[in-house]
Amino acid sequence: MKRKTDVPQGTLALMILKTLDVLGPLHGYGIARRIEQISRDVLAVNQGTLYPVLLKLEQEGSIVSEYGASENNRRARFYRLTRDGRKQLQAELRDWEQTAGIIGRFFELKAEDLS
């Protein structure tokens, strides 16, 4: 049985934005489950972490929410990406790719490279 790990600090907002970009409007529980599914159930999304990030993204204008009916016909808040959210996602993806490239260079580093 796999042990789930918490989402790394600072990456949840990016995962939320990308999930909404690809899948369209989702309620909070749906966002959490999709992130876990996409990680192949390696990551665990804590509700106490998810909702403050959703609130922050909404306050920044990256997402908007409206109430609707869930699959269980319960009232749920659905979140969707805004135009500003798409711009933020693109900027964060560029930053992440740059960071991943830098870290990758460290993994490839050999002593003779520094001589």
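Read the figures in this text as sums done on the coordinates, not as results from a lab. In this text the structure is predicted, and so the values were computed from the model without any measurement. Cβ sites come from the backbone with ideal geometry, for glycine too, and all protein chains shown count toward neighbours.
Among the GluC sites (Glu not before Pro) within the stretch 23-115, those in coil by DSSP and having at most 15 neighbouring Cβ atoms inside 10 Å are E71.
Shown for the chain: lysine pairs separated by 8 or more places, or found on different chains, whose C-alpha atoms are under 21 Å apart, numbering 4.
The equivalent ellipsoid of the chain has semi-axes of 32, 18, 10 Å, largest first, where each one is the square root of 5 times an eigenvalue of the Cα gyration tensor. For the stretch 1-53, trypsin sites (Lys or Arg not before Pro) meeting the loop criterion (DSSP other than H, G, I, E, B) and having at most 11 other Cβ atoms within 10 Å: K2, R3, R40. For the chain, a Gaussian network of Cα nodes joined below 10 Å ranks G48, G61, G30 by mean-square fluctuation, and the top entry is G48.
The charge dipole of the stretch 5-110, taken about the Cα centre with unit charges on the Cβ atoms of Lys, Arg (+1) and Asp, Glu (-1), comes to about 160 debye, rounded to the nearest 20. Ordering Q9, A100, L114 by Cα displacement along the dipole of the chain toward the positive end leaves Q9 in first place; charges were set at the Cβ atoms of Lys, Arg (+1) and Asp, Glu (-1).
Applying a DSSP loop filter and a limit of 12 other Cβ atoms within 10 Å to the trypsin sites (Lys or Arg not before Pro) in the stretch 61-115 leaves R74, K110. Helix-only arithmetic for the chain: the sum of -39500 (n - 2.57) across DSSP H runs with n ≥ 4, divided by the residue total, places the mean residue ellipticity at 222 nm at -18000 deg cm²/dmol.
Mean sequence separation of contacting Cα pairs (under 8 Å, at least six apart), scaled by the length of the chain, corresponds to a relative contact order of 27 percent.
Note on L109 and A91: their simple-model spin labels are 2.9 nm apart, each label 7 Å out from Cα toward Cβ.
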